[in-house]
Amino acid sequence: MLGMDGYREKRGVPSLGPPALETIPTPILIGETTAKNNLARIWDYLMDENVRKIGVCGMGGVGKTTLIKHIYNWVLENKSKAFKYAYWVTVSQEFKIFELQKRIANAIGVDLSHLVDVNMRAAKMFKEFKEKEDFVLILDDVWRDFSLEDVGVWFSGKRSKLIISTRMVDVCIRMDCQVIRVEPLRAEESWELFMKNLRHYDGLSVEVKEIAKLVANECAGLPLAIVTIAKSMAGVVDIHGWRDAQKNLEESRALDEEDQVFERMKFSYNRLPNEMTKNCLLYCALYPEDYEFERQNLIRSLVDEGLIDQKGLSFQERSSRAATIVNKLINSCLLESGTDDDGDPWIKMHDVIRDMALRIKFGMFLVKAGVQLKELPDVEYWDDDLEKVSLVKNDIREIPGDISPECPQLSTLLLSGNLFMHIISGSFFVNMYSLRVLDLSNTDIGSLPVSVTHMRTLTTLVLRECLSLQHMPSLQELRALLKLDLYSTSVCNVPLGTDKLVNLRILNLGGTRIEVIPDGLLGKLSRLECLLLGSLVANVEEVMSLRKLEILECGFKDGDDYGNYVRWCNNQDKRVLTNYYLHMASYCVSFCSNEYTIKKEVILSGRRFIKEKPKSVNGNLTVVVPIDMKELYLEEFNYIGNICDLDLQSSETFNYDYDITTVILQSLESLDLFYMRSLNSLLLPSSPATTFSLLKKLDIEKCPKIKKLFPPGLLLTNLQELEVCDCDSMEEIFAAATANSNFNHMDGGSIGEDHIVLFTLPKLKELRLSCLRSLKSICGQRLFVRCDSIRMIRIFSCPKLKRMQLYMPIDDNAPYHSPPPLLKCFSVVPKEYWHSLDWDHPFSIPNRFSKSLLNPFLHLWFLPEQIYVAAEEEEEEEEESSTNNNHQGSVGEKIILYSHSPKLKQVAAMVASTIEEHLQQENAGKYWSGMILFLIDLQTLDYLDGWMVTALILSVVNAKPVDAERRRLGLVAKGDRRRLTGKWKHSCRDSWCLFAGKDSIGLCFADRPHCEGPNSLSLVGIADSTLDMLLKMLLYLQDKLNEEIDYPTQLIHN
């Protein structure tokens, strides 16, 4: 099942910064004459000052979206020549004004999250559009007319334009658009496209080629039909196969236009090799129109659904088979694919193909996904023949007891993404005798109906991210269950009867409130292939008894247990375990969410690994690691000066004839170093240049003694992400070159010497530097770093940084003073840093690259406003102190406000007043001493991401790591807690987060990021004397932020 975590929702940039607009990957236009004519007509109307609205219409699959994608990309790439802005919004078949407002607001960078009334939302967008000129707003896939004024779209200038694409000319006319009918390809153009996708045209006989031309003509000039049919015929050389294809397509001529398109798409479907592949394609239609699947989540869903033949196959083999089928569907053009900015693959189903799939399964599929349903479909929709029902991503809040549909054939029920669904009647499931897959993920249910546990055919039960779920009935009757997913629920105990689930293959208990796995449980689940326990500690002997285990995530109680398990794995003749996440850390560890996100990672804490300073053969600590480890996270190994002070080994027999530690490091792809107090260098001076040759990601935080990160000569040819944070002594990232360094020396300029040194990081995409108080320059003297692939640079609170020696090559064919081609974002906080930063260039023509070229990507952030609360101080003193970061009042409280929201500023003032009132109470000052409240609106939080929020806190606190660790930090935010808990990256053990959202209020903590229920307040370590103040804050948030929050019905003290 694909939980809603697999949905790739497109979010725009909030109003605090300019939208990050990027071109859309677009197929090459086929058809020299037709394509040029269609584009020319659209462009002529765009340039016509008398035309405001353009409607591009045509039958499904004719290429409307491709045409307007080319227009959109052209506008973005040539802003100064025509329009300043271009905005793309996909509307889809079933939409409501509220949802369309959200999509357009995200595209143009307007925050509507605090407004619930459509008229108020329209007024805010109207104001935003009124201030814009020279923009193009593109609404793709419009199915019905609507009022632009109701949405809030306004055209303020003659060069403000609207383009819509639709299958219906009536929609264009009713919306007062200038109509452009997209013409199908001409016969010769169709044949050209057909041959291109047939691939083996030259190998066909003359007679077959003539029939192939007739087949191409039957595609009616529709590019989508031409491509899919051609690819379905690839490899067919027999003349009888071609004649049969021609006959089948000819039979659809008598049908109307829509039915012809359907039959042509169905032809490609019918030619898929087997029923398994066909069923996998049909399954994709269960999700909303224009839904983008994360690739691994789609593969996971196909396996969970049982669509992959599972007899005799391991977990990895089933996943590989599913991946092969997905690739087949992509190669057949029945699914679309691409990658996001992070390189993560996504998969999408064309709306025409989705329509075809739903027509094929008419009466057997009930799909109302992402259509903002408020309640369950009426009983007449629930036919006896239903096989699959999908109601994902709606607004259904409850399933009442008077609904009990008779669906004896129903095998799949998807209800995920109904965020506010809190009640499901037990009678709803009573007549679903054949249900195999039930997905209730991302709902707000507090308990699982008992009737679910009587479904003896159930094989997959997904309850992931049901944050309010606490109560689980006994599962002992679910003997057929293959997968149980309780990830990120509030369940406190392993459900009763779990030990009876003898067929269970996948068990996910990560992110729950379970504290202990009962003794003997895992040993009884002998068929487990994937075991994900999050932070839970596993019994080593029981885990070793699971001989089919391929995926493992678990913790170990001590170094002995960890070492015993790793040695056992390494010594297996036929190793079954393929992916793992083995940890023995104290905090600051984010756990995996599902079986497809686990790689080969080990996380170790020096504080938990040993009880005293170790003694070994060479005086170093010996640490056994898996033989195929790819990712390593180390924290609090406070006695080592560099990584080589650890003896990393992969077996009990240690051979010191060669450096095994170096061999293991040479295979690493990711390395995290956290809180290493004695670390003064990354490697030994004698370490080979290839030590980190495969490293893709390096993150180093809270290492106060290290001054220079990378020694000269180190090869980092695969490094993609580099983050350095809160290292007080760090002066240079790349150390100065020496005579023996392994660098390329290049003539062409000098900086204090006759030569410069150019160090290449060909794959570096992201560079993050934050809270580095001593950092003076990126590189040492004479050294420059060449970054051909850099996409994002973020610099935060590096007050001494004066020189940036990053060389970003410019396209030789681009106009003079063109910006770096791949750079998307450059963030500097505070903005004063940017003006004092020198950007050196390694060559003698410094004007070819200057700081001004980065302006299109630059985000200069303001520092947060600080409101100080200090009892019994004069007002004048408070004003004077408010400009001092090191203010110390009688108790020293601060409220840090980071938002453009006027309402949140009102909240800050109210909170300050409430705290002052509270400080008059007895003993209150003791608790609040040193307290910092950090206020931020969720839209800002989304844009900054967890990295920036953590950096902001560390900077504003202005304390050394040891002090920050002891300091209580708070965050007050408005919004959905699911998004909030996912974004918040805890930087301190005793940090907490007070949140207020549409569905809940409560407190989050670093070690327990859940509340006890949707309307409860969980208070961990909070003194009783603060309760009144906290409740006042919540009530004020409810009033001022216009949220529908109930008063807490219970207070829970842990």
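The values are calculated or read from the model by the stated rules, or taken from the named source; none is laboratory data. What you are looking at is a predicted structure, and each value in this text was computed from that prediction instead of being measured. With ideal geometry, Cβ positions are generated from the backbone for all residues, glycine too; neighbour counts draw on all protein chains shown. These area figures cover heavy atoms from the full protein model, side chains too; ligands, DNA and RNA do not enter into them. Shrake-Rupley method; radii C 1.70, N 1.55, O 1.52, S 1.80 Å.
Structure summary
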item	result
Estimated FRET transfer efficiency when R0 is 56 angstrom, pair Lys213-Asn718 (beta carbons, to 0.05)	0.70
Cut-off 13 Å between beta-carbons: net charge of the residues surrounding Asn431, Lys and Arg +1, Asp and Glu -1	-3
Loop-resident sites, segment 174-217, for trypsin sites (Lys or Arg not before Pro), counting at most 16 other Cβ within 10 Å (DSSP)	Arg186, Arg199
Additional length obtainable on full extension of the chain from Glu275 to Val116, 0.36 nm per residue less Cα span	52.6 nm
Area accessible to solvent at Leu521, 1.4 Å probe radius, in Å²	10
Sequence of Lys500, Lys705, Lys53 when ordered by accessible area, the most exposed leading, probe 1.4 angstrom	Lys705, Lys500, Lys53
Rounded FRET efficiency, nearest 0.05, which uses the C-beta distance separating Ser667 from Tyr381 and R0 of 51 Å	0.40
Segment 364-417 and segment 50-81: distance between their alpha carbon centers, rounded to Å	37
Accessible surface of Glu550 - all protein chains present, 1.4 Å probe, nearest 10 Å²	10
Heavy atoms of Ile627: accessible area, 1.4 Å probe, square angstrom to 10	110
Built amide H within the under 5 Å cut-off of Ser827, gap 5+	Ile793, Arg794, Ile795, His859
Accessible-area ranking of Glu133, Glu336, Glu732, largest first, probe 1.4 Å	Glu133, Glu336, Glu732
Added length on full extension, which subtracts the Cα-Cα distance from 0.36 nm per residue, Glu49 to Leu496	153.9 nm
Trypsin sites (Lys or Arg not before Pro) within segment 502-585, DSSP loop, no more than 16 other Cβ atoms inside 10 Å	Arg513, Arg527, Arg547, Lys548, Lys557, Lys574, Arg575
5 angstrom amide H check on Gln178, placed H, neighbours 5+ away	Lys53, Ile54, Gly55
Amide H partners (placed H, <5 Å) of Ile778, local residues excluded	Arg803, Gln805
Prolate/oblate/rounded call for segment 189-328, Cα gyration tensor, a/c under 1.5 rounded	prolate
Phi-based couplings in Hz for segment 407-414 (Karplus 6.51, -1.76, 1.60; Gly and Pro marked x)	10, x, 9, 5, 10, 9, 10, 10
Cα gyration tensor shape of segment 271-358, rounded if a/c is under 1.5, else prolate or oblate by comparing a/b with b/c	oblate
In sequence order, calculated HN-Hα J values of segment 701-712 (Karplus, 6.51, -1.76, 1.60; Hz; x Gly/Pro)	9, 6, 10, x, 9, 6, 9, 10, 6, 9, x, x
Simple spin-label estimate for Arg243 and Gln572 in nanometres, 7 Å along Cα-Cβ	5.7
Solvent exposure, largest accessible area first (probe 1.4 Å, DNA, RNA and ligands not counted), of Tyr201, Tyr381	Tyr381, Tyr201
Qualifying GluC sites (Glu not before Pro) in segment 188-281, DSSP loop, other Cβ atoms within 10 Å at most 12	Glu251
